[in-house]
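Undergrad: Below is a structure I'd like to ask you about.
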Amino acid sequence: QVRLVESGGGLVQAGGSLRLSCAASGIIFSINAMDWYRQAPGKQRELVARITGRGSTNYADSVKGRFTISRDNAENTVYLQMHSLNVEDTAVYYCRPTAYVNSWGQGTQVTVSS
């Protein structure tokens, strides 16, 4: 059974930074690509960043140069470092193994104030 626990969200002023964490269990973490998604109020959930098991990364255009995804395979944890946050980044953030399309955690709320 896949279990995902996101943490690190909070309230931050525009221009600030946050680091999200996602602890995964129930999968062979090191071989799985991991995704960060977000869902803003009234909008569809969107893919923000992806990291493969070997560490290759991809980002949505809206976060390139501001967000960095990384992973610690020894800790079965994936991170999302977010800098230069703006109000459009306000959303609930979720992590998910790329191959497990129906596995979601509870998410962590990020709220950016102007």
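Undergrad: Roughly what would the spin-label model give for Ser114 and Ser70, points 7 Å off Cα along C-beta, in nm?
TA: My value for the distance between the label points is 3.3 nm.
Undergrad: Nearest 0.05, what FRET efficiency do Val2 and Ala40 give at R0 = 30 Å with Cβ-Cβ as r?
TA: Working: r = 25 Å, r/R0 = 0.82.
Once rounded, the FRET efficiency stands at 0.75.
Undergrad: How about segment 38-102: which trypsin sites (Lys or Arg not before Pro) there are in a DSSP loop, with at most 11 other Cβ atoms within 10 Å of their Cβ?
TA: Details: sites: Arg38, Lys43, Arg45, Arg50, Arg54, Lys64, Arg66, Arg71; in loops: Lys43, Arg45, Arg54, Lys64, Arg66.
Within segment 38-102, the qualifying trypsin sites (Lys or Arg not before Pro) (loop, at most 11 other Cβ atoms within 10 Å) are Lys43, Arg54, Lys64.
Undergrad: Let me ask something else about it. In Å², and per residue, what accessible area does the chain have when probed at 1.4 Å with the other protein chains present? Intermediate results must be reported in sequence, preceding the final value.
TA: Numbers: 6000 Å² over 114 residues.
So the chain comes to 53 Å² accessible per residue, rounded to a whole number.
Undergrad: Still on this structure, I have one more. I need the Debye-formula profile for the chain: one equal scatterer per C-alpha, no solvent, reported as log10 I(q)/I(0) at q = 0.12, 0.15, 0.16, 0.18 1/Å, two decimals.
TA: -0.36, -0.57, -0.65, -0.83
Undergrad: For a quick check of understanding: with a 1.4 angstrom probe and all protein chains in place, what accessible area in square angstrom does Ser7 have, to the nearest ten?
TA: For Ser7, the solvent-accessible surface is approximately 60 Å².
Undergrad: Using a 1.4 Å probe over the heavy atoms of the protein chains, calculate the carbon and sulfur portion of the accessible area of the chain as a whole percent.
TA: On the chain, the fraction of accessible area on carbon and sulfur atoms equals 46 percent.
Undergrad: Would you mind counting up the charge near Ile51? Only other residues with Cβ under 10 Å from its Cβ, with Lys and Arg at +1 and Asp and Glu at -1. Mind showing how you got there, number by number?
TA: Values: positive: Arg50, Arg54, Arg71; negative: Asp35.
After counting each charged neighbour, the total is +2.
The values are calculated or read from the model by the stated rules, or taken from the named source; none is laboratory data. Since the model is a prediction, treat every value here as computed from it, not as a measurement. Because the Cβ atoms are built from the backbone with ideal geometry, glycine has one as well, and the counts that use them run over all protein chains shown. Surface areas here come from the heavy atoms of the whole protein model, side chains and all, with no ligands, DNA or RNA. Shrake-Rupley method; radii C 1.70, N 1.55, O 1.52, S 1.80 Å.
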